[in-house]
Amino acid sequence: MKVGLSWDLAGDDASVLWPVVNLEAEAGDNLGYDSLWIGESRDRTCSCPSPAVWLTYLARRTKSAQLRAIRLVTHANPVRVAEEFAVLDGFCRGRAGIAFAAAGAAPGQVQETIDFVSHAWALDEFRYRGEHIRFPAHTPDDAPAGASTPQRTAPCVPQWEWGPEPPDYLTVTPKPYATHPPVHAEITDDDILEWAAVHGVSPLITAATPTAEAVERLARYRATADAHGRSRAEVEPVLERRLALDGPSDAHTLGGSPHELAEAIRAATSQAAVTHLVWRRGEGSNGDLFRFASDVQPLLQT
């Protein structure tokens, strides 16, 4: 069981809150927490509209923790997303990952964005025709759906000899340091759940979803993936929860003594084959990072 950290970026003074998050991130990395998550938001003065920039800073302040961002599809230019996370992955030497959130997105937009970004990282020259994405913009309507690559029928012409006409196929650079950076889809409805399960895309359920509902969704994801012959080894189901060490449980929070908390985590994650728990840090769920690492994590590993 991997354990990561994420944070509520709720407040009116970023100059106070952001350094606290940075200190906790560095402490978590030193204590052996597996991942650090920054979510994209714009509703408060402490919100972070560009998680990749923040995580690039943390790349130089941490050694081993995975650096994961949650991006809103509605605010994401897919080309820029592919570029900025390749830069982040280069700075952190293969520790970057991304999750796409569907809030306000049109049907199919999450799926198309994930498909485009994955191809942009993997392919050299390509074009893409989708309902929401055209790359390059002049890609014709009769181009194959999704990503396609050129079929060479003539000698190669160097870029400096192309002239003013825009090419039909382009390359997104730089490429990530890792061959296949982790990509997650936030599971917010049945369409995304089924698509992610069928295509082997790792699911994420955030702390905004009550625990019982989150476990049920992830269990359905696993059943759908099993029914389509997907390997359990190819995905990393992630459950984000608030934790209250020596505190009470509620619909969104797992709490109790170290032993009770470990049992609550194990019960929630085992029902849905979850392999990565993310501790949502914030009001009502704070606790000592060192004590959790020393008293709870060993119980999770037994």
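The values are calculated or read from the model by the stated rules, or taken from the named source; none is laboratory data. This structure is a prediction, so every number in the text was calculated from the model and none was measured. Positions of Cβ are backbone-derived with ideal geometry, glycine not excepted, and every protein chain shown enters the neighbour counts.
Summary of computed values
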{"read-out": "Options A105, A86, A154: the member that is at pLDDT below 95, buried (at least 17 other Cβ atoms within 10 Å of the Cβ) and either among the aliphatic types (A, V, I, L, M) or not in a loop (DSSP other than H, G, I, E, B) (or both)", "value": "A105"}
{"read-out": "For R42: the one exception among (1) of a type in the set (K, R); (2) within 30 Å of E125 (Cβ to Cβ); (3) at pLDDT below 95", "value": "(2)"}
{"read-out": "Flag for S202 being small (G, A, S) and either loosely packed, with under 11 Cβ neighbours inside 10 Å or more than 27 Å from L88 (Cβ to Cβ) (or both)", "value": "no"}
{"read-out": "Scan of region 137-151 for residues that are touching a Leu at 6+ places or on another chain (Cβ under 8 Å) and at pLDDT below 95, ordered by number", "value": "none"}
{"read-out": "Residues located in region 1-45, provided they are acidic (D, E) and closer than 18 Å to A69 by Cα", "value": "D8, E24, E26, D29, D34, E40, D43"}
{"read-out": "Among residues of region 121-135, those that are farther than 18 Å from H75 by Cα and at pLDDT 95 or above, counted", "value": "7"}
{"read-out": "A225 vs. criteria more than 17 Å from G4 (Cβ to Cβ), surrounded by 16 or more Cβ atoms within 10 Å (Cβ to Cβ) and under 18 Å from the mean Cα position of the chain (by Cα)", "value": "no"}
{"read-out": "Restricting region 275-290 to residues that are charged (D, E, K, R) and part of a loop (DSSP other than H, G, I, E, B), the residue that is modelled with the highest pLDDT", "value": "D288"}
{"read-out": "Number of the exception - A178 against (1) among the hydrophobic types (A, V, I, L, M, F, W, C); (2) part of a helix (DSSP H, G or I); (3) within 16 Å of the chain's Cα centre (by Cα)", "value": "(2)"}
{"read-out": "Of all residues making up region 89-102, the number that are of a type in the set (D, E, K, R), in contact with a strand residue (DSSP E or B) (Cβ under 9 Å, 6 or more places away or on another chain) and not in a helix (DSSP H, G or I)", "value": "1"}
{"read-out": "Of all residues making up region 249-268, the number that are touching a residue at least 24 places away in the same chain (Cβ under 8 Å), under 27 Å from A10 (Cα atoms) and surrounded by fewer than 21 Cβ atoms within 10 Å (Cβ to Cβ)", "value": "4"}
{"read-out": "Qualifying residue in region 261-271 (condition: within 24 Å of A27 (Cα to Cα), of a type in the set (S, T, N, Q) and out of contact with any Pro (no Cβ under 9 Å at 6 or more places or on another chain))", "value": "no"}
{"read-out": "Of all residues in region 36-76 being outside any strand (DSSP E or B) and in contact (Cβ under 8 Å) with a residue 60 or more places away in the chain, the one that is farthest from the chain's Cα centre (by Cα)", "value": "A65"}
{"read-out": "Pairs with Cβ under 7 Å, 6+ apart, first in region 193-214 and of a type in the set (D, E, K, R), second in a helix (DSSP H, G or I)", "value": "E194/T224"}
{"read-out": "All positions within region 22-35 that are in a helix (DSSP H, G or I) and in contact (Cβ under 8 Å) with a residue 40 or more places away in the chain", "value": "E24, A25, A27, G28, L31"}
